[in-house]
Amino acid sequence: MIIYLMFFILVLSSTAIVFKKDISFAKLTSTLALGLSAIAAVFLMVSAIREDGFQALGPLICVFFTLIGFLIIWSSTSTIDYEIESRRIPIYYSLILLLISSLCGIVFFNNILLVFIFIELSAFLASAIVMIKNAQENYRAGLKYLFLSIFASAFLLVGGVILYRLAGTLNIQEMILVNSNINLLRYSFIFIFIGVALKSALFPFHIWLPDAHGSAPSTSSAILSALVIKGYIIFFIKLIYIGFGIELVKDLDILPINLVLGACAMIYGSVLAILQKNLKNMIAYSSVAQIGYIYLGIGLGTPLGLVASIFHIIAHGITKACLFLSAGRIISSTGCKEIKELNGIGKALPVTMFLYTICGFSMIGIPLFVGFLSKWNFAQAAISADNIWLILVLTVSSLLNGIYYLPIAIKAFFAEDESKRPKILLEPKGQLPVTILGVLIIITGIVGSPLIDLLTNIVQRLI
Amino acid sequence: MENLFINYYESISIILFGIGFSILLLHRNLIRKIIGMNIMDVSIFLYLAVKGYISGREVPIVEENIHMGLDYYINPLPGGLVLTGIVVSVCMTAFALGLVKKYYEKYQTLDLDDDFFRKGS
């Protein structure tokens, strides 16, 4: 029942925001609504773990979505005025609330039809929050995102229909597919895989991501990159492990494709990130690489790999949200969008650049930060699955991450350029949520083992 | 080959899906892309509606005390899926058309440039 309470809070407050059309009311209401739903999600997770660990994956990710969404919205209240037109701000907040509730729907429910409706809903809303900025390249990027989302939805529908014909039920918990036609099952899995890969920007299907995440307002970029693309992956994991069953999926011979595409994405995304000149485009290409890590863990097909993937979903969510919000603060305070303009900016914006550096360390995988723990998990999973070459891919990808994250931080603090002054002084209290995200990165990096134990527990009951 | 003619509804829906797919992917004009998207959706609905129909059976509306047994009714789920899909498709078309209007205002054209789907910005 608590999930319906969450939906009630989010949808009611988004409706109220649309009708009131007042900017400060919108900011306050959306922050409060997300905070309340985060508390509700914690209760949901606790009761799910107590009842049956099997079902706890969805509620756990709901907590993650609402908590990170709460921090992003809180931080956006101080920067959003400089990024989008004031008449669009109330509708923007209501769109974000609806988007987060539909994401919680995707990860929580077990019915394919219901999940399909939530996926369509989130496709609308996600492309709408890209186009909220009234500029040329935003419409271009949003249109591209929308068309590819529609495409992916059609694929998901076809795959779902075939799956329904084979299983005779729409509930993924009740599916028994062991005796069905293996060829049809393979087609269905391929269709669903292509749909999910398009929506979550796996390597050959990533073409919409850098445009959409690079041109959107930085709050939207943070939500899209940290939360939206993760929802579809969680649905995919649930379908593999609860719906099909991992033994059956191994018989279909599709998981190696997952593995190889993930490894390609890790290298390709990092290489293209090095070539970018725009700060936000660079961070967006880094997302392509990080999605590769997640698919790599799924493609291993072992419990350890799955734990590593889910942990990386959370780790990357925290880090990328912090990174995009810091970038947003830099852009709205100084107007610098290009990487070469950032020399010496550390003296003007010390706290923001310090947080950026923490995120960079976490992305590279330096110990004490959450990225290290995540990469450690992947390395362990790769060794236990006898895929030693993956260690090489992981190392190369980490080195490439270092090449594009570190020079910006070094030049920002040590380059001799005294001319940089912030044009707009942002409210310092807007810094607090970004700092909380930075502290979360370090705390999860140092004491992350309870979370890993919890995930291991959930995954063992899933199988 | 004979199977294609016997199950001609399914064959037609697959051909329609291919047509819609290629229009959505290959044409440059945005309005044509939206039409292609609609054809693609309709083909899936046709497939579902055909799969849900069993000749000689009734709509599963059970009145009080008159239950004709399970063999008398069809499965309502495919019909429900089609209805949901139609609603989603209509919303998506309206949203995409509104977006195309904005795109036209900004770029003064309805065609996409060559590398729209090819590379990042």
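The values are calculated or read from the model by the stated rules, or taken from the named source; none is laboratory data. Bear in mind the structure is a predicted one, so any value in this text is a computation, not a measurement. For neighbour counting, all protein chains shown are included, and Cβ atoms are generated from backbone atoms with ideal geometry for every residue, glycine included. Please note that ligands, DNA and RNA were not included when accessible areas were found on the heavy atoms of the full protein model with its side chains. Shrake-Rupley method; radii C 1.70, N 1.55, O 1.52, S 1.80 Å.
Okay, here's what the table says:
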| quantity | calculated |
| --- | --- |
| Cα-based convex hull, chain B, per residue volume (Å³, whole number) | 141 Å³ |
| 5 Å-binned pair-distance histogram of the range A:65-200 (Cα, whole percent) | 2, 10, 16, 18, 16, 13, 9, 7, 5, 3, 1, 0 |
| Accessible area (Å², per residue) of chain A, counting only protein heavy atoms and a probe of 1.4 Å | 34 Å² |
| Cβ-placed point charges (K, R +1; D, E -1), dipole of the range A:261-463 about Cα centre in debye, nearest 20 | 460 debye |
| In nm, spacing of pseudo-spin labels at B:Y73 and A:F19 (7 Å Cα→C-beta vector) | 3.8 nm |
| Portion, in percent, of the accessible area of chain A that falls on carbon or sulfur, probe 1.4 Å | 69 percent |
| Peptide B:81-88 - average C-beta neighbours from other chains (10 Å radius) | 4 |
| Expected-Rg normalisation [2.2 N^0.38 Å, Cα atoms] applied to chain A | 0.93 |
| Measure of compaction for the range A:236-330 (Cα Rg per 2.2 N^0.38 Å) | 1.23 |
| In sequence order, calculated HN-Hα J values of the range A:87-96 (Karplus, 6.51, -1.76, 1.60; Hz; x Gly/Pro) | 6, 9, 5, x, 5, 4, 5, 5, 4, 5 |
| Cα convex hull of the range A:173-304, projected area averaged across orientations, nm² | 8.1 nm² |
| Against the rule of thumb 2.2 N^0.38 Å, how large the Cα Rg of the range B:1-48 comes out | 1.25 |
| Loss of accessible area when B meets A, both sides summed, Å² nearest 100, probe 1.4 Å | 3600 Å² |
| For chain B: accessible area per residue (Å², 1.4 Å) | 64 Å² |
| Cα Rg, Dmax (largest Cα-Cα span) when computed across the range A:1-104, Å | 14.3, 47 |
| Surface/4 estimate of mean projected area, convex hull on alpha-carbon atoms of the range A:148-196, nm² | 3.2 nm² |
| 3J(HN,Hα) from dihedral phi, the range A:442-453, Karplus parametrisation 6.51/-1.76/1.60, rounded to Hz, x for glycine, proline | 6, 4, 5, x, 7, 10, x, 5, x, 5, 5, 4 |
| Shielding by partners, peptide A:157-163 (average Cβ within 10 angstrom, other chains) | 4 |
| Exercise: per-residue mean of other protein chain Cβ atoms within 10 Å, A:143-150 | 6 |
| Reduced Cα scattering model of the range A:261-463, Debye log10 I(q)/I(0), q = 0.14, 0.17 Å⁻¹ | -0.79, -1.08 |
| For the range B:30-47, 3J(HN,Hα) per residue [Karplus equation, 6.51 cos²θ - 1.76 cosθ + 1.60, θ = phi - 60°, Hz, x = Gly/Pro] | 5, 5, 5, 4, 5, 4, x, 4, 5, 4, 4, 5, 4, 5, 5, 5, 4, 4 |
| Heavy-atom accessible area ranking, 1.4 Å probe, most first, across B:Y53, A:Y293 | B:Y53, A:Y293 |
